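Have a look at the structure below before the remarks.
The values are calculated or read from the model by the stated rules, or taken from the named source; none is laboratory data. Since we're looking at a predicted model, the values are computed, not measured. Methodologically, a virtual Cβ is constructed for each residue, glycine included, from the backbone with ideal geometry; neighbour enumeration extends over all protein chains shown. Quick note on the areas: whole protein, heavy atoms, side chains included, nothing else; ligands and nucleic acids left out. Shrake-Rupley method; radii C 1.70, N 1.55, O 1.52, S 1.80 Å.
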Amino acid sequence: MQSTISRFDTAVIDREPCEPRTRVIAVSSGKGGVGKTNVAANVAVALARSGQRVLVLDADIGLGNLDVLLGLVPRYTIEDVLSGVRTLDEITVEGPAGIHVLPASSGVPHLTALTDSQQIIIHEQLEQLAAGVDVLLIDTGAGISSNVTFFASSAHETVVVATPEPTSLTDAYALIKVLARQYRERHFKVLVNQAKGPREAAEVFRKLDRAIDQFLHVAVEYVGYIPHDDYVPLAVIRQKAVVDAFPDSPASQAFIKLADHVMQWPKSDIPKGSVQLLWQRGLKGA
């Protein structure tokens with residue numbers, strides 16, 4: 001396992017006010033077990049290897065496992081931040097390819113629903129760190145809890161991860177429904193994971209898109225798929241991102257392609273809501 005005590009190096013991460021450039025992307029899912037954290041971890045590493053400065057927040061606050069997936073052993077977690085013992089800067093650990101990770105706690109039930117004051121603490125400190133990176137990836141929990149919807153609605157873009165399983169599609173629809181009706185989200189990106197091929201992935205998206213178009217009237221954008229790949233669980237056992245452990249595998253190539261795609265997404269200066277307005281102000285160095 002890797003040593004995980006790390007602080008942001010101001011020589012590497014520029015903290016000076018600058019033009020807005022940080023992409024804040026939430027990776028979410030309606031159902032657990034669809035590979036959401038794997039997606040966030042591998043996209044983060046792929047982005048870093050292409051020269052991007054990447055910060056990843058494990059926003060599954062009470063049940064985090066991003067650190068385990070990457071073989072990291074953090075000394076402190078977000079629980080220490082919320083208790084006032086540490087700051088987000090102080091709990092940051094360095095991961096593969098130089099990504100920076102904000103580890104969540106695990107097995108801490110009282111953090112599965114953050115209070116308003118706890119949300120403010122995380123938001124204010126995260127805003128400062130995010131201003132110094134190119135991409136902030138937020139690996140939310142699964143489902144429609146208040147933590148999930150808060151972090152998903154905070155991001156510029158929300159990527160909903162689904163698999164070909166019918167239950168995954170139902171729960172992805174439920175998540176989009178909650179974000180659309182309660183948080184007025186109007187645009188979502190959909191990534192299909194563990195698909196047998198492009199036809200199956202396209203069919204999964206078509207089913208979801210049809211239901212959303214009929215009942216929710218919001219825009220969903222297909223951003224591709226990650227193929228079912230036996231190298232992925234092997235990488236998980238090794239506690240490494242598959243793009244590191246098996247860079248030539250089909251899933252790795254798909255993650256690299258997705259990371260390239262992410263950098264082509266247009267940046268929006270129009271905030272989605274009150275939380276987004278705070279993000280926009282902070283990331284512009286106002």
Could you rank the peptides 242-250, 159-167 by their average count of other C-beta atoms within 10 Å per residue, with the highest value first?
-> 159-167, 242-250
Near the amide H of Val24, under 5 Å away, which other amide H atoms are found, from residues 5 or more places off or on another chain, if H is placed in the peptide plane?
-> Leu136, His156, Glu157
Determine the per residue accessible area of segment 175-272 with all protein chains present and a 1.4 angstrom probe, expressed in square angstrom.
-> 58
Over the chain, the sum of -39500 (n - 2.57) across DSSP H runs of at least four, divided by residue number and rounded to 500 deg cm²/dmol, gives at 222 nm -12500 deg cm²/dmol
Test item: Cα-centred dipole of the chain, Lys/Arg +1 and Asp/Glu -1 on Cβ, debye = 600
Computed over the chain: relative contact order in percent, which uses C-alpha pairs under 8 Å that are six or more apart | 26
Would you work out if segment 121-220 is rounded, prolate or oblate? Take a ≥ b ≥ c from the square roots of the eigenvalues of the alpha-carbon gyration tensor; rounded if a/c is under 1.5, else prolate when a/b is larger than b/c, oblate otherwise.
-> prolate
Among Gly224, Gly62, Gly51: highest mean-square fluctuation, GNM of the chain, C-alpha pairs under 10 Å = Gly51
Residues whose placed amide H lies under 5 Å from that of Tyr222, excluding near-sequence neighbours = Val190
Listed highest first by mean packing, meaning other Cβ atoms within 10 Å per residue, what order do 74-85, 170-181, 127-138 come in?
-> 127-138, 170-181, 74-85
Prolate/oblate/rounded call for the chain, Cα gyration tensor, a/c under 1.5 rounded = rounded
Figure the gain on full extension for Lys257 and Thr87 (residue separation times 0.36 nm, minus the Cα-Cα span) and round it to one decimal in nm.
-> 57.8 nm
Would you mind getting the accessible area per residue of segment 55-113, heavy atoms of the protein chains only, 1.4 Å probe, in Å²?
-> 35
Can you give the extra length, in nm with one decimal, that the chain gains between Arg238 and Ser117 once fully stretched, where that is 0.36 nm per residue apart less the Cα-Cα distance?
-> 39.8 nm
Given 32-42, 183-193, the highest-first ranking by average Cβ count within 10 Å works out to 32-42, 183-193
For segment 6-157, just say rounded, prolate or oblate: build the C-alpha gyration tensor, square-root its eigenvalues into a ≥ b ≥ c, call rounded for a/c under 1.5, and beyond that prolate if a/b exceeds b/c, oblate if not.
-> rounded
With +1 on each Lys and Arg Cβ and -1 on each Asp and Glu Cβ, and nothing else charged, work out how big the dipole of segment 106-257 is about its Cα centre, in Debye to the nearest 20.
-> 400
Would you mind getting me the FRET efficiency between Asp248 and Glu124? Use the beta-carbon distance for r and R0 = 41 Å, nearest 0.05.
-> 0.45
Once the dipole of the chain is set up with Lys and Arg at +1 and Asp and Glu at -1 on Cβ about the Cα centre, which of Gly224, Gly95, Ala259 lies farthest towards its positive end?
-> Gly224
Carbon and sulfur atoms: what percent of the 1.4 Å accessible area of segment 51-167 do they account for?
-> 52
Residues whose built amide H sits under 5 Å from the amide H of Gly32, excluding neighbours closer than 5 in sequence, are none
Diffing segment 76-81: the Karplus 3J(HN,Hα) column from phi (6.51, -1.76, 1.60, θ = phi - 60°), in whole Hz with x for Gly and Pro, holds 10, 9, 4, 4, 5, 5
